[in-house]
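The values are calculated or read from the model by the stated rules, or taken from the named source; none is laboratory data. Bear in mind the structure is a predicted one, so any value in this text is a computation, not a measurement. Reconstructed Cβ throughout: ideal geometry from the backbone, glycine too, with neighbour counts over all protein chains shown.
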């Protein structure tokens, strides 16, 4: 039996498979991974895939585009309407249009199930070459960049599906060229889903529904879950228990990074709120706000909890505190180059991100200070992402507002130096001392103590030498062509065949 890496979640066990070993491994390694996936599909029907080849940044960007699309006015979204009927799966479907059922075929059952439609909205697109189901897009000026991104993301997902099919072909001993050609036209469907907030009482009394338990029709589904939980997977070996879909690890099922919600320093009472029914209860706002201040004082960090608080502010704007919002963003800066800062921005009101002199928005009383603070922090984030560290430090010292914004975060400057040093060590083996001094905003004895004591680097005259690590080490690349002899022999035989 092939070895499986397992994750136990609430008495349910779902395999986690490192697909990178299939993408980059040799034949034996590919066979091992293929049998892991096959076993998972046979026993559970689902598998968590890690190192699957789709960049994490692209997945996050897709969620960002999804949020921007569903935030558009209804009349704008309806400029790309899903056609009536169920044959043409393209375009936008508003809340209440669909109702997912499982094995419901009688007219009476269907009619009864449609009395409470699913309260969700979706946008669907597919392969640009599929003439039978042409895509339905918004006009270009309504959401510029939306169409080209989804078309490119579709290609990434389609490539992954074909690679999974290759793996299944190996596991099932399907002769070359395997299973992938059975889907040669890539007639797949990419779907963005959004569940608008509703009162819990409406779900409890049956006035509204989310989505019923179901199995997808088709060969494979790649399921990407964001940081807001809710999706669950039924374990066929334990039907009374369900397993959450992890964020940042696509789950593949036969109908798809480390867990995003993990923080080792998280207090037990915060963990119980995040994983319970009170996660978006307004009464927990004060608890989360105190936890943000605790993170600032104790130099800990919990992105998952902080984003939950920002989501609470979305639901309850009257509870929002500007100081807490800016503290969350400042803490996110201390873990760059992760996308945490951008995730926080995506949950803030749109007017917060608009330039203060923009004619499109006139700030209400109290808006301007938060808008200015957010924009200044965004400047720092952009400088860090652009590796313009010297300018980052000079900007931080340029006015008193920056000093006020970072004042609550204990050890902010030292945390930033550690992050900058970590980023530098991933790309550089040797650097001029003067340059590194400007990047770390240190000089003299302080610089030498930090570089030698904290980083463990060596100062050699006017040079600083960084030890070899797995990121900055030059690696040789061996290019392999996995062309089997029988494939080559068919090519040679065809060359000598007489034309018909």
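Some values worked out for this structure:
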item	result
Pick from the stretch 216-227, criterion out of contact with any helix residue (DSSP H, G or I) (no Cβ under 7 Å at 6 or more places or on another chain) and modelled with pLDDT under 70, ranking: surrounded by the fewest Cβ atoms within 10 Å (Cβ to Cβ)	217
Count of the stretch 24-64 residues which are more than 17 Å from the chain's Cα centre (by Cα) and either in a helix (DSSP H, G or I) or within 11 Å of residue 168 (Cα to Cα) (or both)	18
Qualifying residue in the stretch 78-85 (condition: closer than 16 Å to residue 193 by Cα, modelled with pLDDT of 90 or more and not in a loop (DSSP other than H, G, I, E, B))	yes
Options 50, 58, 77; residue that is over 23 Å from residue 161 (Cα atoms) and touching a helix residue (DSSP H, G or I) at 6+ places or on another chain (Cβ under 9 Å)	77
Identity of the residue in the stretch 170-193, assigned to a helix (DSSP H, G or I) and touching a helix residue (DSSP H, G or I) at 6+ places or on another chain (Cβ under 7 Å), that ends up nearest to residue 88 (Cα to Cα)	183
Number of positions in the stretch 422-446 that are in a helix (DSSP H, G or I) and farther than 17 Å from residue 391 by Cβ	6
Unique match (being surrounded by fewer than 21 Cβ atoms within 10 Å (Cβ to Cβ) and at positive phi) among 299, 294	299
Some residue of the stretch 78-91 being surrounded by fewer than 19 Cβ atoms within 10 Å (Cβ to Cβ), within 18 Å of residue 151 (Cβ to Cβ) and touching a strand residue (DSSP E or B) at 6+ places or on another chain (Cβ under 6 Å)	yes
Failed condition for residue 471, given (1) on the phi < 0 side of the Ramachandran plot; (2) at pLDDT 85 or above; (3) touching a helix residue (DSSP H, G or I) at 6+ places or on another chain (Cβ under 9 Å)	(2)
